[in-house]
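Chemist: Next up is a structure, given as structure tokens.
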Amino acid sequence: MFRSLYSKLAAVLSGLFCLVGLAIIVVTMFTTDMYQKEVNQRLNNKLADHIVAERLLMQDNRVNQEALQDIFHMLMVINPSIEVYLLDTEGAILAFSAAPDKVKRKRVELEPVRRLLEGQATIPVLGDDPRSPDGQKVFTAARIPGQGKLQGYLYVILGGETYDSVVQKLKASYILRLSIWIIFASLLFALVAGLVLFASLTGRLKRLANAMDAFRTGAQQPPIDFCPRKSGHKADEIDRLGSTFTQMAARIEDQVEQLQKADATRRELIANVSHDLRTPLANLQGYIETLLLKEDSLGPEDRRSYLKTAIKHCERLSKLVSELLELAKLDSDDIRVEREPFNISELAHDVAQKFQLKADEKQIAISTKIEKNLPAVNADIGMIERVLENLIENAIQNTPQGGSISLVITPKAEDIAIQISDTGRGIPAEELAHIFNRFYQLDKHRKSEQGHSGLGLAITKKLLELHGRSIDVVSALGSGTTFSFQLPAKSPV
């Protein structure tokens with residue numbers, strides 16, 4: 001029954017309103033009763049004095065029964081709720097207007113009477129009720145006689161049995177009944193308004209809880225908009241909670257998608273590494289086993305050819321392992337870019353010279369076009385050297401015999417633009433978006449024979465990303481490929 005937040009709030013609110021309503025009614029009844037007593041006592045404060053002034057009630061400490069009976073009869077006609085008692089100087093009851101079996105006390109405490117007569121008490125002042133052993137009521141009193149020697153007191157109870165109960169007071173007072181109904185109606189209206197308001201507030205929480213449950217179970221739900229609808233309206237805690245959940249859910253979904261992609265990449269990486277390692281290892285094992293089996297029948301030239309092939313596969317394995325370790329290091333958070341100013345022209349010439357022999361073997365011309373007086377480049381010289389090596393090596397591998405490779409370096413605004421072009425067979429447009437992926441190969445069979453692992457361009461892109469730079473590629477089938485990137489120039493002092 002009380003499983004939802006709204007039902008709990010509704011129960012608590014209803015309980016509080018019941019307690020508050022009961023407290024208000026009790027306080028209203030009490031204050032109304034006290035106010036009625038105060039008004040009654042103030043209005044009739046001189047009643048006893050007037051009675052004592054009009055009639056001689058006691059003379060020589062004897063009660064004037066005839067005068068007393070006339071007063072009892074007169075007051076019963078005028079106001080039946082008034083009860084009259086004649087007290088001696090000690091507070092003992094000498095005579096009264098009530099029936100004999102109704103009076104339960106023989107004497108009345110005189111301390112409240114003296115305080116009222118002296119005017120030292122705060123009205124209403126309550127005195128002993130002779131009709132009740134322990135009850136008290138408002139009264140008025142007067143000395144007998146009013147002047148001279150004290151012979152006793154006229155003690156007048158202003159509220160008789162008619163006002164003894166709350167039910168009787170409610171029946172006697174239309175205003176009091178109306179006030180209680182107004183209080184009840186006001187509390188009921190406030191309760192209903194509070195429940196409606198709680199329903200409005202908890203409705204958004206319920207929607208948010210349902211969205212969280214749906215997200216937890218993997219159900220597809222439309223995105224929930226918890227943003228404020230009105231312009232200028234500030235978001236409250238529920239809005240901020242919903243917005244935070246929406247952002248968190250989007251981030252979790254993105255992370256899950258990234259994990260799925262990473263898992264797919266890992267599987268592909270393992271498959272590619274297994275394939276690239278298995279081929280040279282199998283070839284290497286085959287040549288070595290052949291040498292062992294035909295050791296006596298092979299001539300020196302055959303042995304040398306087998307050993308050269310085995311070494312070639314060993315070099316391929318070593319290169320592949322080195323590139324894997326390098327890429328793993330670049331992916332870690334421990335790698336740091338050690339920026340320093342260096343001469344890009346000298347570095348470019350050194351790298352081009354390093355591949356000159358390999359290019360000559362394929363009859364490929366490597367040319368450099370570098371403008372003079374270039375400013376120094378502010379970057380990690382080791383990383384940039386690796387970038388140039390990878391790009392030139394990639395160009396040599398994809399350029400046919402008799403082709404050419406050009407390295408162009410020019411200033412551009414506050415950067416240095418570097419461009420490496422070849423006259424190779426080019427890259428299809430649909431393949432350009434994938435060439436920087438790890439182990440991606442346009443022609444898997446041909447690349448496998450050449451010992452190309454497909455990691456060089458991935459390493460190149462990662463090295464430039466560490467510098468906060470990107471690499472662009474333009475290519476067309478039959479007309480070659482151009483890679484270009486920019487490095488920051490060192491500002492002149």
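Chemist: When only alpha-carbon atoms count, how far does region 12-57 stretch along each of its three principal axes, as whole angstroms with the largest first?
Modeler: Principal extents (Cα only, largest first): 65, 14, 5 Å.
Chemist: Quick one: if the Förster radius is 41 Å, what FRET efficiency do Glu315 and Ala413 give, using the C-beta to C-beta distance and rounding to 0.05?
Modeler: Efficiency for this residue pair is about 0.45.
Chemist: Summing Lys, Arg as +1 and Asp, Glu as -1, what charge do residues with Cβ under 13 Å from the Cβ of Ser470 carry, Ser470 excluded?
Modeler: Around Ser470, the charge tally is 0.
Chemist: Quick one: plug the Kirkwood hydrodynamic radius of region 323-441 (C-alpha pairs) into Stokes-Einstein at 37 °C, 0.692 mPa s, and report D in µm²/s.
Modeler: 206 µm²/s
Chemist: Using per-residue counts of other Cβ atoms within 10 Å, averaged over each peptide, order 191-202, 344-355, 251-262 from highest down.
Modeler: 344-355, 191-202, 251-262
Chemist: Moving on. In sequence order, what are the phi-derived ³J(HN,Hα) couplings for region 182-192 according to the Karplus relation 6.51 cos²θ - 1.76 cosθ + 1.60 with θ = phi - 60°, rounded to whole Hz, with x for glycine and proline?
Modeler: Those phi angles translate into 5, 4, 5, 5, 5, 5, 5, 5, 5, 5, 4 Hz.
Chemist: Further, regarding this structure: Starting with the highest mean, order 182-190, 240-248 by the number of other Cβ atoms within 10 Å, averaged over the residues of each peptide.
Modeler: 240-248, 182-190
Chemist: Can you give the accessible area of Lys312 in Å² (nearest 10), computed on protein heavy atoms with a 1.4 Å probe?
Modeler: Answer for Lys312: close to 120 Å² accessible.
Chemist: Are any of the pairs Lys319/Lys369; Lys37/Lys102; Lys308/Lys362; Lys354/Lys412 more than 24 Å apart by Cα-Cα distance, and if so, which?
Modeler: Where the Cα-Cα span goes over 24 Å, the pairs concerned are Lys319/Lys369; Lys354/Lys412.
Chemist: So how far apart, in nm, are the two label points at Arg114 and Ser322 if each is 7 Å from Cα heading toward Cβ?
Modeler: Output for this residue pair reads 12.0 nm.
Chemist: Where the eigenvalues come from the Cα gyration tensor of region 299-389, what are the semi-axes √(5λ) of the equivalent ellipsoid, largest first, in whole Å?
Modeler: That gives 33, 23, 8 Å for the three semi-axes.
Chemist: Given the Cα-Cα distance of Asp70 and Ser7 and 0.36 nm per residue of separation, how much length would full extension add, in nm?
Modeler: Result for the pair: 15.9 nm of gain on full extension.
Chemist: Right, another one. Could you tell me the center-to-center distance, by alpha carbons, between region 20-42 and region 374-412 in angstrom?
Modeler: Measuring centre to centre over Cα atoms gives 99 Å.
Chemist: Please give the FRET efficiency for Asp101 paired with Ala209, using the beta carbon to beta carbon distance and R0 = 60 Å, rounded to the nearest 0.05.
Modeler: Calculated transfer efficiency: 0.25.
Chemist: Round to the nearest 0.05 the FRET efficiency obtained for Phe436 and Val27 when R0 = 60 Å and r is the Cβ-Cβ distance.
Modeler: 0.15
Chemist: Roughly how much of Met74 is accessible, in Å² to the nearest 10, using a 1.4 Å probe?
Modeler: Spelled out: Met74, probe radius 1.4 Å, area about 90 Å².
Chemist: How compact and how long is region 240-298, expressed as Rg and Dmax of its alpha-carbon atoms in Å?
Modeler: Expressed in Å, the Cα Rg and Dmax of region 240-298 come to 24.9, 83.
The values are calculated or read from the model by the stated rules, or taken from the named source; none is laboratory data. The structure presented is a predicted model; accordingly, all values stated were derived computationally and were not measured. Backbone-built Cβ (ideal geometry, glycine too); neighbour counts: all protein chains shown. Just the protein is used for accessible areas: all its heavy atoms, side chains included, with ligands, DNA and RNA removed. Shrake-Rupley method; radii C 1.70, N 1.55, O 1.52, S 1.80 Å.
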